[in-house]
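The values are calculated or read from the model by the stated rules, or taken from the named source; none is laboratory data. The shown structure was predicted, so the numbers you read here are calculated from the model rather than taken from an experiment. We place every Cβ from the backbone using ideal geometry, glycine too, and count neighbours over all the protein chains shown.
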Amino acid sequence: MAWKGKIIEESLLDQDILHRVKIINREKIKPTDKEHAENTWFVSKIEVCDEKLEFIRKLAQNSLRSDWSCCLKNKDERLVIFEGKSFKIKKDDSKAVAEIKKYAKSKGIPRNHIEI
């Protein structure tokens, strides 16, 4: 089963991960929050097969900047990745979602920047 998600290229210390996933499309966006309003970000919509998921998870944990995250989804699960840590949860596990949001807040990641 394929996992799909988005990676903001500016969130990465090392963009090697982008060469190891299937990129479905890439778009340029302007952030809506005041802190980043002057920036332009490049968002890659990606797809990862089950066989590569663990490798990509580890690579993302080592590639993401400390105040960023990314989320991969399949039909039943979510994989939320931070620098050095990840959470794999069932899509409807509200207790786990709350735990992830609490962890993100402790890392200084704005609530509206977490996509689960």
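Residue under question is K85, and the condition is that it be out of contact with any Pro (no Cβ under 9 Å at 6 or more places or on another chain), over 17 Å from K4 (Cβ atoms) and either surrounded by fewer than 10 Cβ atoms within 10 Å (Cβ to Cβ) or not β-branched (V, I, T) (or both); does it hold? It would help to see each step written out before you state the result.
On the way: out of contact with any Pro (no Cβ under 9 Å at 6 or more places or on another chain): yes; over 17 Å from K4 (Cβ atoms): yes; either surrounded by fewer than 10 Cβ atoms within 10 Å (Cβ to Cβ) or not β-branched (V, I, T) (or both): yes.
Yes.
When you scan the range 47-93, how many residues do you find that are among the β-branched types (V, I, T) and within 10 Å of the chain's Cα centre (by Cα)? Before the answer, list the steps.
The initial filter retains those residues of the range 47-93 that are among the β-branched types (V, I, T), namely 48, 56, 80-81, 89.
Then keep just the ones that are within 10 Å of the chain's Cα centre (by Cα); that gives 80-81.
Residues meeting the conditions: 2.
At pLDDT 95 or above, in contact with a helix residue (DSSP H, G or I) (Cβ under 7 Å, 6 or more places away or on another chain) and closer than 16 Å to S11 by Cβ - does that describe any residue in the range 88-103?
So far as the range 88-103 goes, no, none of its residues is at pLDDT 95 or above, in contact with a helix residue (DSSP H, G or I) (Cβ under 7 Å, 6 or more places away or on another chain) and closer than 16 Å to S11 by Cβ.
State the number of residues belonging to the range 99-116 that are closer than 15 Å to C71 by Cβ and either surrounded by 12 or more Cβ atoms within 10 Å (Cβ to Cβ) or of a type in the set (G, A, S) (or both). Please lay out each step first, then the result.
Applying the first criterion (closer than 15 Å to C71 by Cβ) to the range 99-116 yields 99-101, 103-104, 107, 109-116.
Next, only the ones that are either surrounded by 12 or more Cβ atoms within 10 Å (Cβ to Cβ) or of a type in the set (G, A, S) (or both) stay: 99-101, 103-104, 107, 109-110, 113-116.
Of the residues in the range 99-116, 12 are closer than 15 Å to C71 by Cβ and either surrounded by 12 or more Cβ atoms within 10 Å (Cβ to Cβ) or of a type in the set (G, A, S) (or both).
Any residue at all in the range 95-114 that is assigned to a loop (DSSP other than H, G, I, E, B) and within 21 Å of I23 (Cα to Cα)?
We begin by selecting, within the range 95-114, every residue assigned to a loop (DSSP other than H, G, I, E, B); these are 107-110, 114.
Next, from what is left, pick out any that are within 21 Å of I23 (Cα to Cα): 114.
Within the range 95-114, one or more residues are assigned to a loop (DSSP other than H, G, I, E, B) and within 21 Å of I23 (Cα to Cα).
Tell me, yes or no, whether the range 36-43 has at least one residue that is out of contact with any Pro (no Cβ under 7 Å at 6 or more places or on another chain) and in a helix (DSSP H, G or I).
So the first thing to find is which residues in the range 36-43 are out of contact with any Pro (no Cβ under 7 Å at 6 or more places or on another chain), and the list is 36, 38, 40, 42-43.
Adding the requirement that they be in a helix (DSSP H, G or I) leaves 36.
Yes - at least one qualifying residue is present in the range 36-43.
Taking E51 and the conditions (1) in a strand (DSSP E or B); (2) free of Cβ contacts under 8 Å to residues at least 12 places away in the same chain; (3) among the charged types (D, E, K, R), which numbered condition does it fall short on, given that it satisfies the others?
Result: E51 passes all but (1).
Going through the range 60-78 one residue at a time, which ones are surrounded by 21 or more Cβ atoms within 10 Å (Cβ to Cβ), more than 15 Å from K107 (Cα to Cα) and polar (S, T, N, Q)?
Residue satisfying the conditions is S63 alone.
What are the residues in the range 101-116 that are more than 12 Å from the chain's Cα centre (by Cα) and touching a residue at least 60 places away in the same chain (Cβ under 8 Å), if any?
P110, N112
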